[in-house]
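Colleague: This is the structure, below, for whatever I ask next.
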Amino acid sequence: MGIKYIHRAYYVLCPAGEETTSLFHKVYAREVNVLRKEDVMEEKDFEIKVETSQLTAWDRVQIARNADRPTALDYISVLFSRFMELHGDRLEGDDPAVVGGLARIFDMNVTVIGQQKGRSTKENIKRNFGMPSPSGYRKALRLMRQAEKFNRPIICFVDTPGAFCGIEAEEKGEGEAIARNLFEMSSLKVPILSIVIGEGGSGGALALAVGNEVWMLENSMYSILSPEGFSSILWKDKKRAAEAASIMKCTAADLKELGIIERVIREREPVKTEDMSEVAEQMKEGIFEFLEKYKEMQGEQIAQERYERFRKF
Amino acid sequence: MFEGMFKKTYIKPDKKQRPKKVKKILREIPQVPEGLFQKCDACGHTIYSEDIAENYYICPKCEEYFRIRPRTRISMILDQDSFVEWDTGLETSDPLEFPDYKKKLAHLREVTNLEEAVITGEGSIGGAHVAIAVMGTDFMMGSMGEVVGEKITRAIERATSYKIPILIFCCSGGARMQEGMISLMQMAKTSAALKRHDEAGLLYISILTDPTTGGVTASFAMLGDIILAEPKALIGFAGPRVIEQTIGQKLPEGFQRAEFLLEHGFIDKIVERKNLRYTLATLLNGHV
């Protein structure tokens, strides 16, 4: 038993002799240049197992944006039963970029919401590439308020390049819709879990990610602006996006380290719709723990915890 | 009017004959001080700086609103000598260890005499005790990072605990990208503090000034119980250039200006700068 100094590796601390993917989220996962002795939590009874990853931040961004990455509806159908999609913002329309409704898991009723990308070009156009308009955020808020009324936990699947920026979106108050969601979500009296499954595009993603806990899939990204945008503002050159991605700290490992998220869902291989089992198993286990944790908590306490979670940044 | 109508003749003084005394005086006459005149970017006229200052920092020729510094705004809005600043000395943790960021901050602090992009504190308007936060574009385009978010959140929380209204003058290019996701979190943090302020039954007036964009628009700027704006201020979520690129067409006239937002139902009132203090005093009187 000892500590190795590793270049560009993931390290996982496991109890001696045991090794399961579900333990991954319990330990400190990061991409490191040098593994320092201080990083180890407890040497006794632990064995360090090293798994190297050759993926760069930019690689992970590409995977996050990949067309065959599972979408919100894919996760909803795999994790929950009796999903009934609900529509409309009760004001003017139904945004196809946001899906949401009622579902059931572990004998509990929950509200699930997600940003939905398309599987084909045709579907992507219908779904506006997962870029919500104000109407989508207002639908999400309506469903979340309803969840609070009926004491249902809320689970959000975040996957968007960003909020849609078009003339109509501005006319209908894209900024206000996002702000309103941040405002209201912050004090909902039911537990909220947000999982970034693909792209977490800035404020457009945050509007569904004011959660008690926020998780990310290992190959997802969550950023304040796209690496392309970053590189063009910083270096006046869109082509240095790969470099920007590393500096920006937008990968799951980076954000776990910064304390922006609580958990990284392991992807030994990038998850595909045909085989979501590794990821689904971790998510189910995690959701179970999450729901158990908040089961006995009072609404006020749940909201207070969420407030403090964001207050510390 | 008579320019060019008369032929001018110049008589040069004979240098040899000028007495020494006069020469000395001539050398001592100071240069025209810098900043005495300013050029208006909108109409191109050169204007006497003092005229601009006396006209609420609005161009007397074309009525273009100049952007003003936070301390100037505070002196225009609050009762004289009532301002007490809060939360000075905060420094960012530089979460991304962004190259040259700390150097840039140090330089800006020297040049602008500001610590960060927002000044917060308390004061009174027409006698009403208020908390106030004023942003300015001099410092990193008013971008919101950790310190801006923290100062604003503390001001809101303090206003909630003192049970007083809070006024926020919004002016920003958006979230500060040098601080990455920490900047994004400020959107949630400030909005959450405002929700609590709201639940306590307290007033929040946001005043949108030119420009109010990005993460600031998508958080505290659009959450005022009452939202005021200065005429022709640029207020929007996505930047105009990004929208143009996305949709591939030119934007309509007046898009994302205060008047546009008023028409579409997103602000309460456009208030001319000279009426702002009075309007705020009236509103505060109606709510306290």
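The values are calculated or read from the model by the stated rules, or taken from the named source; none is laboratory data. Because the structure is predicted, anything quoted here is derived from the model rather than measured. Virtual Cβ from ideal backbone geometry, glycine too; neighbours counted across all protein chains shown.
Colleague: Take segment B:258-279 and flag every residue that is closer than 18 Å to residue B:68 by Cβ and part of a helix (DSSP H, G or I).
Modeller: Of all residues in segment B:258-279, those closer than 18 Å to residue B:68 by Cβ come to B:258, B:270-279.
Once the filter is applied, which keeps residues that are closer than 18 Å to residue B:68 by Cβ and part of a helix (DSSP H, G or I), segment B:258-279 yields B:258, B:273, B:274, B:275, B:276, B:277, B:278, B:279.
Colleague: Select from segment A:248-262 the residues that are surrounded by 19 or more Cβ atoms within 10 Å (Cβ to Cβ) and at pLDDT below 90 and list them in ascending order.
Modeller: Those that are surrounded by 19 or more Cβ atoms within 10 Å (Cβ to Cβ) and at pLDDT below 90: A:253, A:254, A:256.
Colleague: Kindly establish whether residue A:244 is closer than 19 Å to residue B:96 by Cα, within 13 Å of chain B (Cβ to nearest Cβ) and more than 20 Å from the chain's Cα centre (by Cα).
Modeller: Answer is yes for this residue.
Colleague: Does residue B:202 satisfy being away from every other protein chain (no Cβ under 12 Å) and either assigned to a helix (DSSP H, G or I) or surrounded by 18 or more Cβ atoms within 10 Å (Cβ to Cβ) (or both)?
Modeller: Yes, satisfied.
Colleague: Taking the stated definitions as given, is residue A:102 part of a strand (DSSP E or B) and under 21 Å from the mean Cα position of the chain (by Cα)?
Modeller: Yes: the conditions hold for residue A:102.
Colleague: Within segment A:212-221, identify whether any single residue is polar (S, T, N, Q), at pLDDT below 95 and surrounded by fewer than 20 Cβ atoms within 10 Å (Cβ to Cβ), and answer yes or no.
Modeller: No: segment A:212-221 contains no residue that is polar (S, T, N, Q), at pLDDT below 95 and surrounded by fewer than 20 Cβ atoms within 10 Å (Cβ to Cβ).
Colleague: Now, a different point. Which of the following residues is under 21 Å from residue A:228 (Cα atoms) and within 11 Å of another protein chain (Cβ to nearest Cβ): A:163, A:169? If you could, list the steps in order and put the result at the bottom.
Modeller: Values: A:169 fails: under 21 Å from residue A:228 (Cα atoms).
From the options A:163, A:169, the qualifying one is A:163.
Colleague: If only one of A:231, A:186, A:220 is more than 7 Å from chain B (Cβ to nearest Cβ) and over 12 Å from the mean Cα position of the chain (by Cα), which one is it?
Modeller: A:231
Colleague: Tell me which residues, restricted to segment B:215-232, are at the interface with chain A (Cβ under 8 Å from one of its Cβ atoms), assigned to a helix (DSSP H, G or I) and closer than 24 Å to residue A:229 by Cα.
Modeller: Selection gives B:215, B:217, B:220, B:221.
Colleague: Separate question: Return yes when residue B:37 is farther than 21 Å from residue B:216 by Cβ, aromatic (Phe, Trp, Tyr) and at pLDDT below 90 and no when it is not.
Modeller: yes
Colleague: In addition: For residues that are in contact with a strand residue (DSSP E or B) (Cβ under 7 Å, 6 or more places away or on another chain), of a type in the set (A, V, I, L, M, F, W, C) and in a strand (DSSP E or B), scanning just segment A:106-137, find the one that is farthest from residue A:205 (Cα to Cα).
Modeller: A:110
Colleague: While we're on this one: Residue by residue through segment B:161-174, note down the ones that are of a type in the set (Ser, Thr, Tyr) and farther than 19 Å from residue B:227 by Cβ.
Modeller: Let us first name the residues in segment B:161-174 that are of a type in the set (Ser, Thr, Tyr), namely B:161-162, B:172.
Within segment B:161-174, B:161, B:162 qualify.
Colleague: Of all residues being within 18 Å of the chain's Cα centre (by Cα) and aliphatic (A, V, I, L, M) in segment B:233-277, which is farthest from the other protein chains (Cβ to nearest Cβ)? Just the residue, please.
Modeller: Looking at the filtered set, the residue picked out is B:276.
Colleague: Report the residue count in segment B:158-199 for those that are within 7 Å of chain A (Cβ to nearest Cβ) and outside any helix (DSSP H, G or I).
Modeller: Count: 1.
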